[in-house]
Each structure stands twice: as C-alpha cells, then as structure tokens.
Amino acid sequence: MKVTLKVWRQKDKNDEGRFVDYAADEVSPDMSFLEMLDVVNVGLVKKGEIPIAFDHDCREGICGSCGMMINGRAHGPGRGIATCQLHMRSFQDGDEIVVEPWRAQAFPVIKDLMVDRTALDRIMQAGGYTSAKTGGVPDGNAILVPKPAADEAFDAAACIGCGACVAICPNSSAMLFVAAKVSQLSILPQGQAEREARVENMIAQMDEELFGGCSNTYACEAECPKGISVRHIGRLNHELLRAKL
Amino acid sequence: MALESKIPEGPLEQKWSKHKFKMKLVNPANRRKHTIIVVGTGLAGASVAASLGELGYHVLAFSYHESPRRAHSIAAQGGINAPKNYSNDGDSVYRLFYDTIKGGDYRAREANVYRLAEVSGCIIDQCVAQGVPFARDYAGYLDNRSFGGAQVARTFYARGQTGQQLLLGAYSALMRQTHAGSVKFFDRREMLDLVVIKGQARGIIARNLLNGKLESYTADAVVLATGGYGNVYYLSTNAKASNATAAWRAHKRGAFFGNPCYTQIHPTCIPVSGDHQSKLTLMSESLRNDGRIWVPKQKGDKRKPKDIPENERDYYLERLYPSFGNLVPRDVASRRAKDMCDEGFGVGASGLAVYLDFASAIQRLGKDIIEQRYGNLFDMYKQITAENPYEAPMRIYPAVHYTMGGLWVDYNLMSTIPGLFVLGEANFSDHGANRLGASALMQGLADGYFIAPYTISDYIASNKFEAVSADAPEFKEAENSITAVINKLLSVNGDKTVDEFHREFGKIMWDYVGMGRTKEGLKKALTVIPKIREEFWKHVKITGNAHDLNTELEKAQRVADFMELGELIAMDALQREESCGAHFREEYQTADGEALRNDKKFSYVAAWEYKGAKQKQVLHKESLKFEYAKPSQRSYK
Ligand SMILES: Cc1cc2nc3c(=O)[nH]c(=O)nc-3n(C[C@H](O)[C@H](O)[C@H](O)COP(=O)(O)OP(=O)(O)OC[C@H]3O[C@@H](n4cnc5c(N)ncnc54)[C@H](O)[C@@H]3O)c2cc1C
Ligand code: SF4
Ligand code: FES
C-alpha cells in the first residue's frame, strides 16, 4: 500500500518548524508505524537528507519512549496501544497521515517528533516514592496487602510515563500521570507514612512545570495506552483534600 | 596478567558474611568527598546509584535515555526468583544455588551464585517496601508461580510486567536521591570512553546527545551497568538502543571480556514478518505450560493448521522428550524448532516458524481459564500478527534474547581495571552458559542493592586517590580519539545506511554464530566479518553533523563496535570445542542431540584481553571448581 505523510520537521527547539510531505510507497500492512518511518528514513538518508527524529526503544508498548500525534490522536488510532504498537493495517491505501510531536508548554520540542519530558521526572522527584532505605525494611510478607488493593494499585502503577495524557488534554494537564502514582502509593500500606506530603509536593511541582489544571474532559483516559482510569484523579482529589484538612 | 577471582576462603555458606566483615568501611563523613560514576540506570544501575547516594557518596549517573524509566529492564515480563519458601515446597538458598549452577550447565562460579541466592530474598523485601505491586493471594500474602528449570514455585511477579514494576521501584529510589542532591542524573548522555589514569578507572567521556558535545567527568570509581549485547544479531528481543559500546570501549582500555560466546536464544518469539522487521517480540515462556508445539508431518504442507488432521501433525517435543514434553529448557526447545524448520517442516509464509497450539488446552480448561492465564499475551500476539490465537495456533520461532557473557569481574564485581565495577547483564558473572528464567532481574538488583555498595566502599577505603582533573592528558587523548572516530564516520559519505549494514551483519552472526555452531561456520564468519567491517568504513552513509542531535551517528558508533565484538564472539565460540548450555557446537553432541560438555578441557571462564587493533586478542582462562554442585549430564527425556 501507499500512504502520504505530513510530518512535523523542526531542527531544534529554537526552530519554528513546519510540515513536510513524504510519500511512503512500499508499505506492508504488517509493518508497525515506526517500521514504516524507518523505511522512510532509509530513503531520506540515501538521498542525503536528515532522517525524521523520533523517540522509541522497546517497541512493545512498555518503555514509554515513543509518542506522537497521528491524525490528531495521541498514539494514533486504536485504543490501549502506544505508537510502537500501531500497525499499518490500521490505515487504508492512499491515506494521508499527519504526524506531529506532543504539544505542551511543559514538553518543549527537541527535534522533529522528539520532545523533552523530563518535567515528569521532576514531578516524581518531588514525591513519587516511599522513602524506603536500602536494606532497612521488613520481610515482604510482614506487610499484608488485600488482593483488591494490590490489583487496584497495579492498575495505577501500569502507567508508562509517555505523556499522551498531557498531549491530548486541552489544558496540557499532567493530572492522570500524577494521579496514577499518588493513587498507587495511597492505596498501599507502604505509602501511608508520606501520604499527605507526597500529594501536595507532586501537585506543586506539576504546577511549577507549567502543566495546566484538570477540567474533567477525560480525554486522557481515552488516549492512555495503558487505560489508566480517571477514577485515580478522583482519588488524587480526595487525597489532596485530606492533606489540606 | 593473572586472573584473580578473589573468591573468599571458607565454606560456601559463610563466604559472603565473612567477606563482608573483612571489607573496609568508609567513614560517613568522608563519603561525600568521593565521586562515583554510574553508567546506565536500568535495574542494576538505578539500584546501585540510589544505594550509593543513600550511603552518602557523591554519585553521577548517566544514561542515553531521557529518563531512567526507559531502560530495557522495563520490558521484562515473567518475574523474579527468590528462595523465600513461602510456598512451603522445600525451597532453600541452597536449592536456588543448585538450580542456577545446573541451569548454567556448570560454567558459573559457585561462590558468586551462592551469594546471589543468599541475597535474593532481601530484594523482594526491598521492592515490597518501595511499593512494587507484586501479585497477592486472597489473604494478602505474596503470590508465587513456577518457572522453567525449577520444581518449586519461587517466582514473584507483577502480572506480565515484573520488570516494569521493579524498575519503577529502583527509579523511584533514584529520584528520591536526586531530589536529596546525593545523585545527579545526566540524561541523554552516551558514555563513549573510559579514562584510566595510573592504572585506575578515574572517569568517563560522555557525548551529550542533544548537542553532540563531548563532556569529561572525573571520579574515584566507575560503575558500568550498561546491559547486554544481544543486538549484535540485529534482530533480538532487546530494546532498539541496547548496545555494547560502553563495555566494548572499556574492554579496549583493559577490561577483559568474559565468555562472549554465551548468548541465549529464547524459543517462543513472534516470527519475522518481512524485511522491514526492526525487532522481535518475546512471548513469555509460561505459554509452554498449556500450549503444544507441532509442525505438519509433511514437508512444505501449506494447508491451514485446522485443516491438518491430528495424525498428520508431529508434536515433536512430546515425541522426543516424553517426560518433559513441551517444557524442555529454552536451549533444547530452540534448537529443535530450528531443526524442524531447517529440514523443511516450518510453517507460515517464510517457513521459519512452528505452531504453538492452545486448542486442546481450551477444550480441556475452557477459553476463560486460558484468557485469565494468558490474556495479555494473546492480545499482544493479535496486535502484532492480526491473527487470533484462540482460533488458530500461534506461530513462534526462537530469537536472541539475553547475553550471559560480558565484562569479566572478580567476586567483588570489579573488572581487570582497578576501580571499574560492572553490574547486571553487562558482566559475565552468575549465569554460566545459560540463564534460567526470572534470574536476570534478581542478579541486576542483587548486584545493585546488596553487593556493589559494599565492595565499592571497600575499594574506596583501601586505595588512595590523587586529585585528577578533566584536563589531564588521558582525558584529552580519549576525547581526541572519539572525535577522530566520529569525523571518520561522517566523512565516508557512502551509499549504504547504518541499519542496512547492521541487518546484514546480524544475519551473518545469526547464520554462523547463532544457535547451532560449527567449526567451519565459525571460520567462515571469521573471514566474512572483517570484510563487512571494512565495507562499513568505506561505504556507510550518515547524514547530518556531529554538533546536533544525530540518531544515525549514534547508531553508527554502536554498530561499529558490534562488528568488532561479533568477531570476538566467533573466536570464543571457535575455541570452545564443546557444547554447553546455550553454546551449541554441532560437532559435540550426545547420541540424542543434547549438548555434550567437556569438563576436562573446558571447565573454565574464557576471559579475553584486548591487545590493540592490529593484534589478536589473548585468551586467559579462569578455571572453575565445583566443590558442592557436582557436574552431571543434563537429561530431559
Ligand atoms: C523481552 C524480555 C523479557 C525479559 N524477561 C525477564 C524476566 O521475566 N525475568 C528476568 O529475570 N529477566 C528477564 N529479562 C532479562 C532482563 O530484563 C535484563 O537482563 C535486565 O533487565 C538487564 O538489566 P540491566 O540493568 O543490566 O541493563 P538495562 O536495563 O539494559 O539497562 C542498561 C542501561 O544502561 C544505559 N546505557 C547503556 N550504554 C550506555 C552508554 N554507553 N552510555 C550511557 N548509558 C548507557 C541505558 O540507557 C540503560 O539505562 C528479559 C529480557 C527481555 C528482552
Ligand atoms: S497516564 Fe497513561 S497517557 Fe499518561 S503518561 Fe501514564 S501511560 Fe501515558
Ligand atoms: S517504544 Fe517503548 S513504548 Fe513505544
């Protein structure tokens, strides 16, 4: 099959950036979207041009590196998948596909489709942990966790930190990302000691990083590759209130 | 130079405690004065950086990723072992030790493996305290499952995402130390050389991938936790960026390379679908618990699997190994699949696949149970192949997965360069010739949380450190040599891309230095590899320059190193005239086609010393002694 790509090209963070059209003529439906870009890039290099830069690594939907807006959707069409899990069979012969980087004030573009998501690490630094010292901990089975709590904590912990929730949010809020971590640790007994400080510090850092606030559009949940539920945002709000009281 | 493994004296079970007692300590007030560089922040690197930071050292951590959470460790699925004996099925430190030595086909050090088993229980405790959501039973206790190569249930898991959850735990500990100011994390930095001054590792040169600048960092000790080198083969289950450059460059600076030929092939991966294929996806080993592996009895049978009647199917593992059946170890399952395809029985468009069939399990247990057990794997398979494994059998084929080989280290995890420590998949230490499932995560975290923090302190306390500056001639020399390589790569301006070369090179490695190796094949590889390397330096095409983010240039340097390492793998495989674990030499097999070890001649670790670009590497041998786990022939009949 053949497709036409409209790809955002931007040399570096100071460049204005623009869309450039590319024809991908030998696309197999079995290719992943990133493999299709690989093929386009081989063509570009052979012509002496600079290949399209994009982040990727595991190519199985777990490392959170990949991420682009494809036809206006974070990680493209399909639910519950990251960009690397998208296959060309989701498109039709002759399609035009628009590919852009995540756009958010807190995620400056580095080059082409690559953005700087280190703001998410700084939110984690503000409190996304339990302060367990290496070695100074009790036996694993000394801390009982009811299975439903363990399962709910796992659902939240599945977040891959890709930033799709931010990219699709009209306010560029990182609320779902923050909520996932706050929720995981507030459910588990291990997270209780630092419960109040954690939520306050993480939210403060989120604000400092210029992410917007949450206005409950729930676009994040719809585009999240791991299906992180907005009920975790509910829990975050509850935690915040609890911390303030 | 003689290899000193520094294995402590005394009975096996007391070696580590006695050694810990003998090791010197650094006064807490003095730790801050010592800078330690940690390269790599996967499981091994993040855990050691966080632990050293917590002890009070000044830690500089580096990764080519934007965040530690992106490391390849994130992709591990199945689980992590620990002999907690929570299942009350007779597990013990000794049993885990024994299983690991045997699984490694008697090619690992007893003392190291025993220590690994000994500290592994603490890892589970540590991770639980960090909030890792391990699977629990209804009473709220930790749940266990069983895994290949063991008869007890000792594997802890977090759904099919154990690596992710463990890495996020280590990452959160690292973020905590970053916040506290004891660790500084440098993202998107690729270490390109190790700097050795007066015989000690004293720093690194890293390239800032955003702007191409070379940056020099000094330290009193350097830790490499840079992962494995499976991507030598181009197609593997490793993440795309996983590479050997840090280890290889350290090797060129004097660190011996241990057992490079021990590369593990995983039997159940999704087969290649075409020339565009960029990597391979693993389907967890646990599928073999319920799936039956078969091929048609007739060569080249192109009928749909459901149209092939039972009596025209060959369930070859069940036929060849009546007692273990589909559950034979990884190496055996992989080799038999390859044999079947080589003989023309393979299925699918390429003929390079066998069926893994769940029809009888679904009939016996119902679709719901199978979905509960393997739902996420079935979805993943469907996502990639557009085929529904509930209705048609999966097609699977073996793929390169893990490298047991790596930089040689002594009992303290220190390489042959004083002050250079190597952790995780990057070292050669604990898995011998074959790694058992769920033991890589265990090793990375054992090294990082519970071994290296002590042994590095001992090194710091036992040595003197003259002040060094990043302007020292050794730093300048290293910087200049990196610049020369980069300039040379950029000036070739040939007609073939880095990926094209890598793919071609990987094919040679897979064909001649892959699953079944022969003297002839290896010799052939050793004549072809230098040629393709020469081609590479004459015809590679890289666009862009050295002062911008340039992904092609990054890849080119990694591939150049793979092409050198690949040659060493072939040399190592050639000298090891026996079959053991994952290293299978066709000439050395039992009448049943199993690996035939030669303990008399090859019960040693091969440690290779680099002697310069024009000279042959020199082989050193560290002989292995088995005082507790006596070598025997594996049998799975
Ligand atoms: C698909 C898959 C499933 C697996 N499942 C399991 C399992 O169930 N159980 C199990 O025990 N094991 C499993 N393994 C194996 C296990 O995941 C790895 O062996 C282990 O995670 C390696 O950890 P590491 O810390 O040594 O290296 P990695 O996680 O590979 O980390 C390497 C780090 O080094 C950095 N780095 C590398 N080179 C440089 C450089 N030059 N400069 C700067 N930084 C550098 C990287 O950025 C990264 O941070 C699996 C492996 C795969 C591929
Ligand atoms: S919450 Fe979902 S979309 Fe947001 S970072 Fe996590 S995985 Fe990505
Ligand atoms: S490349 Fe890892 S999630 Fe897509």
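All of the numbers you see were taken from the coordinates with simple rules; none came from a lab. Quick caveat, the model's predicted, so the values are computed rather than measured. With ideal geometry, Cβ positions are generated from the backbone for all residues, glycine too; neighbour counts draw on all protein chains shown.
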When we measure straight from the Cα of A:LYS226, which lysines land under 19 angstrom away, once same-chain ones fewer than 8 places off are left out?
-> A:LYS181, B:LYS382
Amide H contacts under 5 Å for B:THR403, placed H, 5+ residues apart | B:TYR229, B:GLY230, B:GLN264
Counting only DSSP beta bridges fully inside chain B, the antiparallel percentage to nearest 5 is 70
Would you mind checking the pairs A:LYS133/B:LYS15; B:LYS299/B:LYS338; B:LYS15/B:LYS625; B:LYS24/B:LYS464 and listing those with alpha carbons more than 18 angstrom apart?
-> A:LYS133/B:LYS15
What's the average, rounded to a whole number, of partner chain beta-carbon atoms within 10 Å of each residue's beta-carbon in B:49-56?
-> 2
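Report, as a whole number in µm² per second, the diffusion coefficient that Stokes-Einstein gives for the stretch B:362-407 at 4 °C and 1.567 mPa s using the Kirkwood radius over alpha carbon pairs. Numbers along the way, then the final one.
Details: Rh = 12.6 Å.
D = 103 µm²/s.
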Against the longest principal axis of chain B, how steep is helix B:93-103, in degrees 0 to 90 to the nearest 10, with axes from Cα atoms?
-> 70
By count of other Cβ within 10 Å, fewest leading, how are B:HIS58, A:HIS56 ordered?
-> B:HIS58, A:HIS56
Other chains' Cβ within 10 Å of B:174-186 residues: what's the mean?
-> 3
When A:PHE154, B:PHE536 are arranged by how many other beta-carbons sit within 10 Å of their Cβ, fewest first, they go A:PHE154, B:PHE536
What does the charge dipole of the stretch B:473-620 about its Cα centre add up to, to the nearest 20 debye, if the Cβ of each Lys and Arg holds +1 and the Cβ of each Asp and Glu holds -1?
-> 400
Please tell me the relative contact order of chain B in percent, rounded to the nearest whole number, where contacts are Cα pairs under 8 Å and at least six residues apart.
-> 20
Percent relative contact order of chain A, based on C-alpha pairs within less than 8 angstrom and at least six residues apart?
-> 20
Can you list the lysines whose alpha carbon is less than 17 Å from that of B:LYS614, not counting same-chain residues fewer than 8 positions off?
-> B:LYS252, B:LYS531
Amide H contacts of B:ILE293 (H built 1.01 Å from N, under 5 Å, at least 5 apart or other chain) = B:ASP357
Whole-Hz Karplus couplings 3J(HN,Hα) for the stretch B:311-318, θ = phi - 60° and coefficients 6.51, -1.76, 1.60, Gly and Pro as x, run 6, 10, 10, 10, 7, 5, 5, 5
Cβ-based charge dipole, the protein assembly as shown, positive-most Cα from B:PRO393, B:GLY437, A:ALA126 | B:GLY437
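Could you sort B:262-268, B:132-138, B:618-624, B:524-530 so that the peptide with the highest average Cβ count within 10 Å comes first and the rest follow in order?
Highest-to-lowest ranking by the protection proxy: B:262-268, B:132-138, B:524-530, B:618-624.
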Between B:GLU318 and B:GLU520, what FRET efficiency follows from the Cβ-Cβ distance if R0 is 45 Å, with the result rounded to 0.05?
-> 0.85
Residue by residue through the stretch B:539-552, which ³J(HN,Hα) values in whole Hz follow from phi under the Karplus form 6.51 cos²θ - 1.76 cosθ + 1.60 (θ = phi - 60°), with glycine and proline marked x?
-> 10, 6, 10, 10, 9, x, 10, 8, 10, 10, 5, 9, 5, 5
Per residue of B:69-79, how many C-beta atoms from partner chains lie within 10 Å of its own C-beta, taken as a mean?
-> 4
Against the longest principal axis of chain B, how steep is helix B:43-55, in degrees 0 to 90 to the nearest 10, with axes from Cα atoms?
-> 40
Pop the C-beta distance of B:TYR94 and B:GLN589 into the FRET formula with R0 = 35 Å and round what comes out to the nearest 0.05.
-> 0.70
Ranked by how many other beta carbons lie within 10 Å on average, peptides B:101-110, B:195-204 from highest | B:101-110, B:195-204
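Multiply the residue separation of B:LYS382 and B:ASP342 by 0.36 nm, subtract the distance between their alpha-carbon atoms, and state the gained length in nm to one decimal. Intermediate results must be reported in sequence, preceding the final value.
Details: separation 40, 0.36 × 40 = 14.40 nm, distance 2.64 nm.
Between B:LYS382 and B:ASP342, full extension yields an extra 11.8 nm.
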Looking at the square roots a ≥ b ≥ c of the eigenvalues of the Cα gyration tensor of the stretch B:266-399, which shape do they give, rounded for a/c under 1.5, prolate if a/b is larger than b/c, or oblate?
-> rounded
Chain B, helix-only ellipticity at 222 nm - DSSP H runs n ≥ 4, -39,500 (n - 2.57), divided by all residues, nearest 500 | -11500 deg cm²/dmol
So what's the protein assembly as shown giving for Rg/Rh, alpha carbon basis, Kirkwood Rh from the mean inverse pair distance?
-> 0.94
When you take every Cα atom in chain A, what is the radius of gyration, and what is Dmax, the widest Cα pair distance, in Å?
-> 20.0, 63
Go through A:133-141, A:47-55 and give me the packing order, highest mean Cβ count within 10 Å leading.
-> A:47-55, A:133-141
Based on other C-beta atoms within 10 Å, arrange B:TYR321, B:TYR217 from fewest to most.
-> B:TYR321, B:TYR217
For the residue pair B:GLU371 and B:LYS614, what label-to-label distance in nm results when each label sits 7 Å from Cα along the Cα-to-beta-carbon direction?
-> 6.9
Any of A:LYS6/B:LYS240; B:LYS213/B:LYS523; B:LYS240/B:LYS538; B:LYS523/B:LYS637; B:LYS519/B:LYS611 with alpha carbons more than 30 Å apart? Name them for me.
-> B:LYS213/B:LYS523; B:LYS523/B:LYS637
Using the eigenvalues of the Cα gyration tensor, what equivalent ellipsoid semi-axes result for the stretch A:108-245 when each is taken as the square root of five times the eigenvalue, whole Å, largest first?
-> 26, 16, 15
The stretch A:43-103 and the stretch B:558-621: distance between their alpha carbon centers, rounded to Å | 40
Considering Cα pairs under 8 angstrom that are at least six residues apart, work out the relative contact order of the stretch B:473-620 and quote it in whole percent.
-> 23
Pairing the Cα long axis of helix A:175-187 with the longest principal axis of chain A, what angle in degrees results, from 0 to 90 and rounded to the nearest 10?
-> 30
Karplus (6.51, -1.76, 1.60) ³J(HN,Hα), θ = phi - 60°, over the stretch B:243-253, in Hz, Gly and Pro reported as x | 7, 10, 4, 4, 5, 5, 5, 5, 4, 5, 8
So if we plug the beta-carbon distance of B:LYS22 and B:SER632 into 1/(1 + (r/R0)^6) with R0 = 30 Å, what FRET efficiency do we get, rounded to 0.05?
-> 0.35
Give the cross-link partners of B:LYS600 among the aspartates and glutamates, using a straight C-alpha distance below 12 Å as the criterion and excluding same-chain residues fewer than 8 apart.
-> B:GLU577, B:GLU578
